[in-house]
Amino acid sequence: MARFLSWEHLSREQIVAIRAAPKQPGAPTARHLLQQYLSEQLGEDQLRNNIVLDLFAYTLQQGQAWGFDDERLSCLFGIIKEVHTASVVQQLTIERSFAFFKDTLINHSIQRPPFSTGVFSQAEMRSILDWVLDTYYRHYKLYQYAFTSRVTMSVSTYHPTSLVETAPLLLPPLAEALTEEQHKQQLDEQQHQLKEQQRAEEAAARAAAEAAREAALQEAYEASLPDDIKERVMLALEREVAYLKKKMEEQFQAQQAGLIARLAQLEAAAKPAS
């Protein structure tokens, strides 16, 4: 069963509004109405949208010039829209696109339900065929170019010599090469040094963090003490320091006196012997 395109893309009310558009001053043009009716089907590329709207507007204008009624005008619009959509989406060659157009036009020019319907007469079919050949298919390659997706390629070139790996200028003699055991030992030493360095860095980081924590605690402790307590603590520390200093001086003097007395005894014991 064939698919009939009358009222498929434009309803009777929309066709009537398009016919009346040029007759009403200040009203939207037929092209603006088409843009409004097809807003959900248009893409984001404004250039392509303008090309499609021009094609459809000229199609309706030509149909009105032929004196088509609303049904035939809607059917003509549907045929052109279906052919253009299939051509750009499937990237049809001009031969396949024209074959699709011809079959679609014939399905709407012969009264043989449910396989075809006689919307257009034989003379109208020939007029449509000649007009489409002289307009759409005359510029078919331009339509295909405008609606072909752009692909940007990045190409890098390499000279053959750049693909060849060159050896270093000075190669060490084989006699100086390391054995597998020496190489393994060297790698183990490097890993050991790396681990030791990491441990030292971690220990230094922990010590710095602990010092910062103690300093912060000391600062917080001192900030929490009242001023009078701080003064009393300082006085007590000063007294304790003075007491310790005095005691150390007394011990030093006592030790010095003991040493002097011991020396005197040794000297006294040494005189009779001489």
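Every number in this text was worked out from the coordinates using simple rules, so none of it is lab data. If you're wondering where the values come from, they're calculated on a predicted model, not measured in any experiment. Cβ coordinates were reconstructed from backbone atoms using ideal geometry, including for glycine residues, and neighbour counts include every protein chain displayed.
Can you tell me which aspartates and glutamates have their Cα less than 20 Å from the Cα of Lys246? Leave out same-chain residues fewer than eight positions away.
Glu238
Would you list Thr157, Thr59, Thr104 from fewest to most Cβ contacts within 10 Å?
Ordered by Cβ neighbours within 10 Å, fewest first: Thr157, Thr104, Thr59.
Let me know the charge dipole size of the chain about its Cα centre in debye, to the nearest 20, where only the beta-carbon of Lys, Arg (+1) and Asp, Glu (-1) is charged.
Using Cβ point charges on Lys, Arg, Asp and Glu, the chain gives about 1180 debye.
Quick one: what are the phi-derived ³J(HN,Hα) couplings along region 125-140, Karplus 6.51/-1.76/1.60 with θ = phi - 60°, whole Hz, x for glycine and proline?
4, 5, 5, 5, 4, 5, 5, 5, 5, 7, 10, 5, 6, 5, 10, 4
Please find, in a Gaussian network model of the chain (springs between Cα atoms separated by less than 10 Å), the residue of Leu244, Leu33, Leu174 whose mean-square fluctuation is greatest.
In the Gaussian network model the winner is Leu244.
In whole angstrom, how far apart do the alpha carbon centroids of region 174-192 and region 204-241 sit?
Spelled out, the Cα-based centre of one part sits 54 Å from the other.
Would you work out which of Gln62, Leu174, Met153 lies farthest towards the positive end of the dipole of region 58-183? Charges go on Cβ: Lys and Arg +1, Asp and Glu -1.
Gln62
What are the principal axis extents of the Cα atoms in the chain, in Å, biggest first?
So the three principal-axis extents are 165, 78, 35 Å.
For the chain, what is the calculated [θ] at 222 nm in deg cm²/dmol (nearest 500), taking -39500 (n - 2.57) for each run of four or more DSSP H residues and dividing by its residue count? Mind showing how you got there, number by number?
Details: 9 runs with 183 residues, N = 274.
Estimated from H runs of four or more residues: -23000 deg cm²/dmol.
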